[in-house]
Amino acid sequence: MNLKRKTGPQAQAELLDAESIIKDARRELAAPMRRLFGKRLLTLGSLSLLSGCELKDGNSVNTMLQKISFFNDDVQGWLFDPKKLAPTYPESMITRPFPFNAFYDIDQVPDVDPDSYRLKVSGLVSGKRIWTLPELHALPQTSQVTRHICIEGWSAIGKWGGTTFSSFLKMAGADLSAKYVSFQCADEYSTSIDMPTALHAQTLLTFTYDGALLPPKYGFPMKLRMPTKLGYKNPKHIIEITVTNTYPGGYWENQGYNWFGGA
Amino acid sequence: MRQINIHPAWLRATHWINAVSVLVMITSGWQVYNASPIFPALRFPASLTLGGWLGGALLWHFAFMWLLVGNFALYLGLNLATGRLGRKMLPLTPRLVLRDLYAALRGKLAHDDLSHYNAVQKLAYLSVIVDIIVLVLSGMAVWKSVQFPLLRELMGGYDRARVVHFFAMSFLLLFFIVHVAMVMLVPRSLLAMIRGR
């Protein structure tokens, strides 16, 4: 700042300037409300601008959202009551036709040959590791009519038949204290579930739909059916079951769907 | 003279946190809705939705639900604990609402005292509080229909819980539109909600 004293017309002009500045300032001070209003609106405006560009694409935001999603897995694990049963329905309430749903179109449903098919059981298991279809079909069978709830929001009621998954795991000598059971499918789909859900009374390894052999569009030769989980957690065309303590993720889960996916 | 605060700081804070979380919940909820519209003719424009795709929207929705519920519980708890809710929102009778609604329609409802709500305001603010409770409960029924059987049956089953959730959202949206329109008519009320007086 120039503090040198000045004289003459130049000084007079500066004095006038100073006066008008003070006048302006006084007027501004007289309207504090308007001033504040404008200032705060500006702040709100810039906040919303920030949300427009940074919040949606920012990596740190995605990381935070994913962390909360893992936290939500823990909450759901804690909420999950192993004894609480999903509602069952009379056969008259079955949704007909039951919708086909996958990450591909119906003409790309995998064609699994029943004769050469082998189910592989791997990881923390001490028993039989290779199963043929007739061996699986010979297991005790049960069926249930339950609601399939899709992550998209729609739901449909269907009837699945098969063997209780908990007894299958026991028969295979699975370590029931392991954290996860993961599934590899013939359509290259994959998913994984928590052990408490795997042992739930309504979790079935199913081979039939509505009393008939499970058709390819619904997951031949087998689908794991869990009415306590959303649709994408119910794998079809299973070729390998792994018992593990290492977080396995899954096809949709790795893209952002919540891992627990409980209903 | 010491100026009296119309809105205490905790109320202003919870109000704005609620505003942000409600906007995130609604815009991400619209993206989720679009994945399987309840009414096939109604879809929300992608430009108004948050999350980019179903999975992204659900991440937002299930993250901000904690902020919405936590903040709302704080808002309601402090309102009850301080007695502010009863002081501000009562008395409220249909007669008073009709009287003030009639006055408002003739343009004769005064706004000179921001610390006092007219009966139409009281009804609107109480309704939106109840509406958010319905939104949270129906949302919980949709989220965990197996784990919360009582809530599910209260809503009339899983599918109906979605419909309840949708209409509760619609009411909240309607409130939001009218609320913002009224604030634009009486800008001083925005100032009061920001700086307290």
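I'd like to verify a number: residues in segment B:102-139 that are over 16 Å from the mean Cα position of the chain (by Cα), of a type in the set (A, V, I, L, M, F, W, C) and open to solvent by 20 Å² or more (accessible area, probe 1.4 Å), how many? Explain how you work it out, then say what you get.
Going residue by residue through segment B:102-139, those that are over 16 Å from the mean Cα position of the chain (by Cα) are B:102-119.
Okay, now just the ones that are also of a type in the set (A, V, I, L, M, F, W, C), so B:103-105, B:109-110, B:114, B:119.
Still in the running and open to solvent by 20 Å² or more (accessible area, probe 1.4 Å): B:104-105, B:109-110, B:114.
Within segment B:102-139, residues that are over 16 Å from the mean Cα position of the chain (by Cα), of a type in the set (A, V, I, L, M, F, W, C) and open to solvent by 20 Å² or more (accessible area, probe 1.4 Å) number 5.
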Any residue in segment A:245-263 that is more than 30 Å from B:L150 (Cα to Cα) sitting within a Cβ distance under 9 Å of a residue that is among the charged types (D, E, K, R) and open to solvent by 10 Å² or more (accessible area, probe 1.4 Å)? List the pairs, counting only those 6 or more apart or interchain. A:N245/A:D175; A:N245/A:K179; A:T246/A:K179; A:Y247/A:K179; A:Y251/A:E188
Counting only residues in segment B:143-156 that are among the hydrophobic types (A, V, I, L, M, F, W, C) and in contact with a strand residue (DSSP E or B) (Cβ under 9 Å, 6 or more places away or on another chain), the one surrounded by the fewest Cβ atoms within 10 Å (Cβ to Cβ) is identified as B:W143
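Across segment B:29-58, what is the total count of residues that are without any contact (Cβ under 8 Å) to a residue 12 or more places away in the chain, at the interface with chain A (Cβ under 8 Å from one of its Cβ atoms) and assigned to a helix (DSSP H, G or I)? Walk me through how you get there before you give the answer.
We begin by selecting, within segment B:29-58, every residue without any contact (Cβ under 8 Å) to a residue 12 or more places away in the chain; these are B:36-37, B:39-43, B:45, B:47, B:55.
Add one more test, that the residue is at the interface with chain A (Cβ under 8 Å from one of its Cβ atoms), and what stays is B:36, B:55.
Checking which are assigned to a helix (DSSP H, G or I) leaves us with B:55.
Summing the residues that are without any contact (Cβ under 8 Å) to a residue 12 or more places away in the chain, at the interface with chain A (Cβ under 8 Å from one of its Cβ atoms) and assigned to a helix (DSSP H, G or I) in segment B:29-58 gives 1.
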Across segment A:208-234, the tally of residues that are surrounded by 20 or more Cβ atoms within 10 Å (Cβ to Cβ) and at positive phi stands at 1
Can you run down the residue pairs with Cβ atoms below 7 Å, 6 or more apart or on separate chains, where the first is in segment A:73-96 and within 11 Å of chain B (Cβ to nearest Cβ) and within 30 Å of B:W66 (Cα to Cα) and the partner is surrounded by 14 or more Cβ atoms within 10 Å (Cβ to Cβ) and among the β-branched types (V, I, T)? A:F80/A:T197; A:K84/B:V146; A:A86/A:T146; A:A86/A:T228; A:A86/B:V146
Give segment A:215-248 a look and list any residue that's hydrophobic (A, V, I, L, M, F, W, C) and away from every other protein chain (no Cβ under 14 Å), or say none. A:F220, A:M222, A:L224, A:I238, A:I239, A:I241, A:V243
Would you check if A:Y251 is assigned to a loop (DSSP other than H, G, I, E, B) and within 14 Å of chain B (Cβ to nearest Cβ)? yes
Residue list for segment A:99-115, restricted to those being touching an Asp or Glu at 6+ places or on another chain (Cβ under 8 Å) and surrounded by 16 or more Cβ atoms within 10 Å (Cβ to Cβ): A:A102, A:V109, A:P110
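Look at A:I193 and say whether it is part of a strand (DSSP E or B), within 14 Å of chain B (Cβ to nearest Cβ) and under 27 Å from A:M93 (Cβ atoms). Break it down into steps so the answer makes sense when it comes.
Numbers: part of a strand (DSSP E or B): yes; within 14 Å of chain B (Cβ to nearest Cβ): no; under 27 Å from A:M93 (Cβ atoms): yes.
In short, no.
State all residues of segment B:176-193 that are open to solvent by 40 Å² or more (accessible area, probe 1.4 Å) and assigned to a helix (DSSP H, G or I); if no residue qualifies, say none. Step through it out loud before you land on a result.
Let us first name the residues in segment B:176-193 that are open to solvent by 40 Å² or more (accessible area, probe 1.4 Å), namely B:176-182, B:184-185, B:187-188.
B:F176, B:I177, B:V178, B:H179, B:V180, B:A181, B:M182, B:M184, B:L185, B:R188, listed by residue number.
Quickly run through segment B:111-149 and pick out the residues that are within 14 Å of another protein chain (Cβ to nearest Cβ), outside any loop (DSSP other than H, G, I, E, B) and among the small types (G, A, S). Please lay out each step first, then the result.
Kept after step one, since they are within 14 Å of another protein chain (Cβ to nearest Cβ), are these residues of segment B:111-149: B:114, B:138-149.
Filter again for outside any loop (DSSP other than H, G, I, E, B), leaving B:138-143, B:149.
Within segment B:111-149, B:S138, B:G139, B:A141 qualify.
The values are calculated or read from the model by the stated rules, or taken from the named source; none is laboratory data. None of the values given here were measured: they were computed from a predicted structure. Neighbour counts are summed over all protein chains in view; Cβ atoms, including those assigned to glycine, are modelled from backbone coordinates with ideal geometry. Quick note on the areas: whole protein, heavy atoms, side chains included, nothing else; ligands and nucleic acids left out. Shrake-Rupley method; radii C 1.70, N 1.55, O 1.52, S 1.80 Å.
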